[in-house]
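Visitor: Could you have a look at this structure, given as structure tokens, before my questions?
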Amino acid sequence: MYLQHFGLTEFPFGITPDTSFTFSAHAHQEALNTLLVALQCGEGFVKITGEVGTGKTLLCRRLLQTLGDSVATAYLPNPNLEPQTLLLALAEELRVTDASGLDQYHLLRRINHALLDFARAGKRVVLCIDEAQAMPLDTLEALRLVSNLETEKRKLIQIVLFGQPELDEKLSDPSVRQLLQRITFHQRLVGLGKEEIALYLQHRMRVAGYRGEPLFTAGALRALRRATRGTPRLINVLAHKSLLSAFGEGRQVVKFSHVKGAARDTEGARSPGWW
């Protein structure tokens, strides 16, 4: 491939969320700060929404990494589950060993006991749910019941929902209006700004071992901005294909034509126009 050609030690533009490539874009850093403040307050739900590819899963992993061992964390990457199954998954994350076969009432009691044990040990518990827009309405209601668990002073568990904009539509359903009222903080993720795209590309190239001058020309940057609207995942896909194209031509820079060809070959990318 093109690693040796460009002096790289690994591929810089993978689409799997990798915290070692974290770039502190303004929107992401603002969302992370909001999350940390919200969790410090200790009340209610927190909601993070954003279009496909804006980095919600990466933000979730950054949050879990930042919280570290001082907080007990639970992570559900696929919440498209029936209420009972969701509670079982949460019990498993909380290391409850005798939850199998219990009805919902007794399952909630076991989860409550586990949360009380964490509270007595001086640990807060944070549950992060990715792809939350996939949750059925009755499962969202079960989640609200979990959020009811509390002492006289504070909630026993805090819940962070990461989802696509469809999550907002789902939460507007009257059947989950009680949960909607408990969302105390909300942040919307957006794509990279005009000035951030070049910095983003340079950052990922440096992490991957590149030490030369910027590879992407001004024309290539404009094409990337137009074709992706700043969506990080699309930027990664087009940048990877553009590097392949430049490598195939034996070139040391990525030009407008390389990005244009990559955009033509990529679902979801817009035409960068002409230059």
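Read-outs: derived from the displayed coordinates by stated rules, not from any lab. Worth saying up front: this structure is predicted, and the values here are computed from it rather than measured. Counting neighbours? That spans all protein chains shown, and the Cβs are built from the backbone with ideal geometry, glycine included.
Visitor: Taking the highest mean first, how do the peptides 70-79, 110-119, 12-21 order by number of other beta carbon atoms within 10 angstrom per residue?
Guide: So the order, starting with the most tightly packed, is 110-119, 70-79, 12-21.
Visitor: A further question on this structure: In the stretch 151-275, with Lys and Arg counted as +1 and Asp and Glu as -1 at Cβ, which of these residues, GLY230, VAL253, ILE183, has the Cα nearest the positive end of the dipole, that is, farthest along it?
Guide: With unit charges placed on the Cβ atoms, the residue in question is VAL253.
Visitor: What percent do you get for the relative contact order of the chain when only Cα pairs under 8 Å and 6+ apart count?
Guide: 27 percent
Visitor: Just need the relative contact order of the stretch 26-189 here, percent rounded to a whole number, with Cα pairs under 8 Å and 6+ apart.
Guide: With pairs under 8 Å counted, the relative contact order is 39 percent.
Visitor: Once you charge only the Cβ atoms, +1 for Lys and Arg and -1 for Asp and Glu, what is the size of the charge dipole of the chain about its Cα centre, to the nearest 20 debye?
Guide: Its charge dipole is roughly 1000 debye.
Visitor: Let me ask something else about it. With bins 10 Å wide starting at 0, give me the P(r) of the stretch 88-140 over every alpha carbon pair, in whole percents.
Guide: 22, 47, 30, 2
Visitor: Starting from the amide H of CYS128, placed 1.01 Å from N in the peptide plane, find each other amide H under 5 Å away whose residue is 5 or more places distant or on another chain.
Guide: For CYS128, the qualifying residues are ALA74, TYR75, LEU76, VAL160.
Visitor: Report, in degrees rounded to the nearest 10, the 0 to 90 angle that the Cα long axis of helix 137-147 makes with the longest principal axis of the chain.
Guide: The two axes meet at around 70 degrees.
Visitor: Here are labelled values, [x] 18.6; [y] 19.4; [z] 20.5, and one is the computed Kirkwood radius over Cα pairs in Å for what I pasted. Which one?
Guide: [z]
Visitor: Of all alpha-carbon pairs in the stretch 61-151, indicate the percentage at a distance above 17 angstrom.
Guide: 48 percent
Visitor: Something else: Which percent, to the nearest 5, of DSSP beta bridges fully inside the chain are antiparallel?
Guide: Taking every DSSP beta bridge with both residues in the chain, the antiparallel ones total about 5 percent.
Visitor: What is the angle, in °, between the Cα long axis of helix 26-41 and the longest principal axis of the Cα atoms in the chain? Nearest 10 is fine, range 0 to 90.
Guide: Approximately 10 degrees, to the nearest 10.
Visitor: Extent of the stretch 192-264 along each principal axis, from alpha carbon coordinates, in Å, largest to smallest?
Guide: 29, 27, 19
Visitor: Please report, in cubic angstrom per residue, the volume enclosed by the convex hull of the alpha-carbon atoms of the stretch 86-219.
Guide: 189 Å³
Visitor: Follow-up. Considering Cα pairs under 8 angstrom that are at least six residues apart, work out the relative contact order of the stretch 103-254 and quote it in whole percent. Write down the numbers at each step before the final one.
Guide: Values: 111 pairs, mean separation 27.0, N = 152.
Relative CO of the stretch 103-254 lands at 18 percent.
Visitor: With charges set only on the Cβ (+1 for Lys and Arg, -1 for Asp and Glu), what does the dipole of the stretch 26-189 come to about its Cα centre, in debye to the nearest 20?
Guide: On the way: 18 positive and 20 negative charges, 122 e Å.
Value, rounded to 20: 580 debye.
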